[in-house]
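The values are calculated or read from the model by the stated rules, or taken from the named source; none is laboratory data. Everything numeric here is computed off the predicted structure, so don't read it as measured data. Glycine gets a Cβ as well: all are built from the backbone with ideal geometry, and neighbour counts include every protein chain shown. Remember, those area values only see protein heavy atoms, side chains included, never the ligands or the DNA or RNA. Shrake-Rupley method; radii C 1.70, N 1.55, O 1.52, S 1.80 Å.
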Amino acid sequence: TAETLWVTSGGTFYVTVTNASGCSVSDSIFVVNLGTIYSIRNSKLQVFPNPASDMLNIKLNNGSIWEIHIYNATGQLFYSEKTSQNTCVIDTKKFAQGFYILHCKTANNSILSSAFGIVR
């Protein structure tokens, strides 16, 4: 059978599966809580389309983007770019399907974050 568990906090989780014959197997997984991501309409930072497939548009409504950092789902820096524009288009054709975190450093040293997905 298939079972889905939605984890809402970090920690170690244990599972034991027992079949109809009474045979069982146990395992555990450690989940790191990466924080909460909020999607706010009319935010200073616009990321679209979301999910993306070939291109990702990033737009800062007020000010300039100085640095863009994109992290994959395991927290590894996947992409980095320096710019001085208020818009940026990123070619995502080489990105694997999945979930990414975007950090944009602005001209006034603020860090704006957003999450986006890549679908194929």
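Structure summary
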| item | result |
| --- | --- |
| Label-point separation, S28 to K59 (7 Å along Cα→Cβ), nm | 4.9 |
| Efficiency of FRET between C88 and R120 - r from beta-carbon atoms, R0 25 angstrom, step 0.05 | 0.70 |
| Accessible area of Y100 in the full protein assembly, 1.4 Å probe (Å², nearest 10) | 10 |
| Gain in span if fully extended, L77 to K105, counting 0.36 nm per residue against the direct Cα distance | 8.6 nm |
| Most to least packed among 91-98, 59-66 [average Cβ atoms within 10 Å] | 59-66, 91-98 |
